[in-house]
Amino acid sequence: MWHEEQVLIDGELRAAEGGGVFETVNPATEEVLGVAANATDTDAVAAVTAARRAFDTTDWATDHDFRAKCLRQFHAALENHLEDMRELTVAEVGSPVMLTYGGPQLEAPVGSVKWVADMMDGYRWSEDLGVVESYGGHHRRWIEREAVGVVAAITAYNFPVQLNLAKLGPALAAGNTVVLKGAPDTPWSALALGYLIANETDIPPGVVNILTSAENSVGEVLTTHPDVDMVTFTGSTATGRKIMAAASATVKKTFLELGGKSAYVVLDDADVEAAAAMNSFMICTHAGQGCAINTRMLVPAAMADTAAEVVAATLANIPYGDPTDPSMMMGPLINSRQRDKVHKFVTDAINQGAKLVTGGKRPEHLPVGYYYEPTLLAGVGENDLVAQEEVFGPVLAIIGYEGGDDEAVRIANNSIYGLSGSVNSADPERARAVARQIRSGTISVNGGMYYAADAPFGGYKQSGIGREMGVAGFEEFLEIKTLAEPAA
């Protein structure tokens, strides 16, 4: 079905220009699953052209009811092919199958498409500002919310269904047309959406265009093309900086959801053993390949040894391996380059003086696949590289602190990032007070879970610009027009 070497441009599933393809690999087995269409710059221009025409010459942007209908069709198609999508996600992404049930790897983002369609039903597209007296007359004013235009969406590999749908759903609901470029490590996850849109919805040609490509130049076309009005990107902060610079030449609206170095702050009245166990499970979620995962654990210095003992014991008992096995909590990293990158972070940390408590290498019992052992580094300095840079692997750094809550907050905020974080305390009011001082877009207080379709997600500082999901995420894809006329 969607394993064919195709892209979706102007309503047509077709081969890339010149018929070029590239391989997609199962990260758990290192086997080639097949190939995907290797879109070219010419394909990217054709996709933008189609999106521009669809926005400028059809009523897609103004027919709210039709868009809601199409989104519900899309949701139904995703639901009807849920098991196909599950099998594809596990094979291509290397995600444990358990993460596809109810969570952010599959079922929750599929549900978000229905949520945004339902949200449209009561949304106020216009708002009356009343009458104002000005320049000797009375004037009635109102605002109207309308689509930005052509949106270029570029996504990462770690949670591709979530990332692709978190952009497609709200962008389409708002009335935009879209060119989506999926991550080169997970191209089929993007193409699957294009297949369903083309075959099982009434979304008009050109409204959604989906490209798969291993060529960096395709992304450059999308971020610089004058007919693109907005760029929405999820990925590393380093790439986000380049996209922001590229988009600046045409002053495009830019949404960036970037990296994180989130802190799990344990206060001195907390149950340190419970907190340590909780963070151990979190660091292994999808092998640590999540931008919001808490990779720094800040613990009162007197509790640091206890925390390290509990984390090490917990990591030793976390099952990991074959992602098709429902009992496995962790699968592989996406590719060998990422595994090498993670290992370099660990070895550099040890050279800087950190103590390797457990892990730190490729597991001997899994000779095939891009696996890396769950790893704990203790005695990490707050300014060490492993405490400052995003590792994107199952590596936790314990940082001991003195001086109470203010010192914990200071260290938590000692980062260029500000995406997420957690606070744990026996006193809920104290935990909330600390959470409010941490400069991050999302905070879990005593284990609270914020992730849902209606909850805005995004970062402070160099973790990004704007919010994804929720009404706030939907409104990222809208412009506000203020109008006035003489009052009767």
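Can you work out ³J(HN,Hα) from phi for every residue in region 277-291, in order, using Karplus 6.51 cos²θ - 1.76 cosθ + 1.60 and θ = phi - 60°, giving whole Hz and x for Gly and Pro?
These are the phi-based 3J(HN,Hα) values: 5, 4, 5, 5, 5, 4, 5, 8, 4, 6, 6, x, 8, x, 5 Hz.
With everything on Cα atoms, drop me the angle between helix 428-437 and the longest principal axis of the chain, reported from 0 to 90° to the nearest 10.
60
With θ set to phi - 60° and the Karplus curve 6.51 cos²θ - 1.76 cosθ + 1.60, what are the ³J(HN,Hα) couplings of region 262-270 in order, to the nearest whole Hz, using x for Gly and Pro?
For region 262-270, the Karplus-derived couplings read 6, 9, 9, 8, 9, 7, 6, 9, 7 Hz, x marking Gly and Pro.
Using the alpha-carbon atoms, what tilt in degrees (0 to 90, nearest 10) does helix 304-316 show relative to the longest principal axis of the chain?
In the chain, helix 304-316 runs at an angle near 70 degrees to the longest axis.
If the chain between residue 351 and residue 64 were fully stretched, how many nm would it gain, using 0.36 nm times the residue separation less the Cα-Cα distance?
Using 0.36 nm per residue and subtracting the Cα-Cα distance, I get 97.5 nm.
Just the ratio, please: alpha-carbon radius of gyration of region 338-488 over 2.2 N^0.38 Å, N its number of residues.
Expressed relative to 2.2 N^0.38 Å, the Cα Rg reads 1.38.
Could I have the simple spin-label model distance between residue 281 and residue 452, label points 7 Å from Cα toward Cβ, reported in nm to one decimal?
Rounded to a tenth, the inter-label distance reads 1.9 nm.
At 1.4 Å probe radius, can you tell me the per residue accessible area of the chain in Å²?
Averaged over the residues of the chain, the accessible area is 39 Å².
Report the net charge of residues surrounding residue 57, where surrounding means a beta-carbon distance below 15 angstrom and charges are Lys +1, Arg +1, Asp -1, Glu -1.
So the environment of residue 57 carries a net charge of -3.
Between residue 274 and residue 410, with labels modelled 7 Å along Cα→Cβ, what's the label distance in nm to one decimal, could you check?
Those two pseudo-labels are separated by 3.0 nm.
Rounded to a whole number, what % of the accessible area of region 361-463 do carbon and sulfur atoms account for, probe 1.4 Å?
Answer for region 361-463: carbon and sulfur cover 49 percent of the accessible area.
Direction-averaged shadow area of the convex hull around the Cα atoms of region 176-256, nm²?
Mean orientational projected area (region 176-256, Cα hull): 5.4 nm².
Run through every distinct alpha carbon pair of region 1-115 and return the Kirkwood hydrodynamic radius in angstroms, one decimal place.
Result for region 1-115 stands at 16.5 Å.
How high is the relative contact order of the chain, in percent, with contacts defined as C-alpha pairs under 8 Å that are six or more residues apart?
Reported as a whole number, the value is 18 percent.
What is the set of long-range amide H partners of residue 468 at a cut-off below 5 Å, with H atoms built 1.01 Å from backbone N?
So residue 468 has HN proximity to 457, 458.
Report the net charge of residues surrounding residue 147, where surrounding means a beta-carbon distance below 13 angstrom and charges are Lys +1, Arg +1, Asp -1, Glu -1.
-4
With a cut-off of 8 Å between alpha carbons and a minimum separation of six or more residues, what is the relative contact order of region 285-345 in percent?
Relative contact order here is 36 percent.
Keeping the other protein chains in place, figure out the carbon and sulfur percent of the accessible area of region 18-62, with a 1.4 Å probe.
Whole-percent figure for carbon plus sulfur exposure: 53.
Determine the order of 100, 239, 324 by accessible area, beginning with the largest, at a probe radius of 1.4 Å.
Ranked from most to least accessible, the order is 324, 239, 100.
Can you send over the solvent-accessible area of residue 134, 1.4 Å probe, protein chains only, in Å² to the nearest 10?
Estimated to the nearest 10 Å², residue 134 gives 40 Å².
Convert 4 °C to kelvin, take the viscosity as 1.567 mPa s, use the Kirkwood radius over C-alpha pairs of region 417-479 as Rh, and evaluate the Stokes-Einstein diffusion coefficient in µm²/s, rounded to a whole number.
D, rounded to a whole number, is 105 µm²/s.
Quick one: angle between helix 64-80 and the longest Cα principal axis of the chain, in degrees between 0 and 90, rounded to 10, please.
That helix lies at roughly 40 degrees to the long axis.
Compute the separation of the alpha-carbon centres of region 136-215 and region 429-478 and state it in Å as a whole number.
Using only Cα atoms, the two centres lie 22 Å from each other.
Once Rh is set to the Kirkwood radius over Cα pairs, what Stokes-Einstein translational diffusion coefficient, in µm²/s, holds for region 188-340 at a temperature of 20 °C and a viscosity of 1.002 mPa s?
Answer, rounded: 111 µm²/s.
Apply the Karplus parameterisation 6.51 cos²θ - 1.76 cosθ + 1.60, with θ equal to phi minus 60°, to every residue of region 230-243 and state each ³J(HN,Hα) to the nearest whole Hz, in sequence, with x for glycine and proline.
Per-residue couplings from phi come out as 8, 10, 10, 9, 10, x, 6, 5, 4, 6, x, 4, 5, 5 Hz.
Once amide H atoms are built 1.01 Å from N in the peptide plane, which residues 5 or more positions from residue 325, or in another chain, come under 5 Å H to H?
Residues meeting the amide H criterion: 97.
In terms of modelled amide H atoms, which long-range or inter-chain residues lie less than 5 Å from the amide H of residue 147?
Those qualifying (amide H under 5 Å, at least 5 residues apart or on another chain) are 479.
Show that you can apply the helix-only estimate: for the chain, add -39,500 (n - 2.57) for every DSSP H stretch of four or more residues, divide by all residues, and state [θ] at 222 nm to the nearest 500.
-11500 deg cm²/dmol
The values are calculated or read from the model by the stated rules, or taken from the named source; none is laboratory data. Please read these numbers as outputs of a predicted model, since none were measured by experiment. Glycine gets a Cβ as well: all are built from the backbone with ideal geometry, and neighbour counts include every protein chain shown. Side chains included, ligands, DNA and RNA excluded: accessible areas come from the protein's heavy atoms. Shrake-Rupley method; radii C 1.70, N 1.55, O 1.52, S 1.80 Å.
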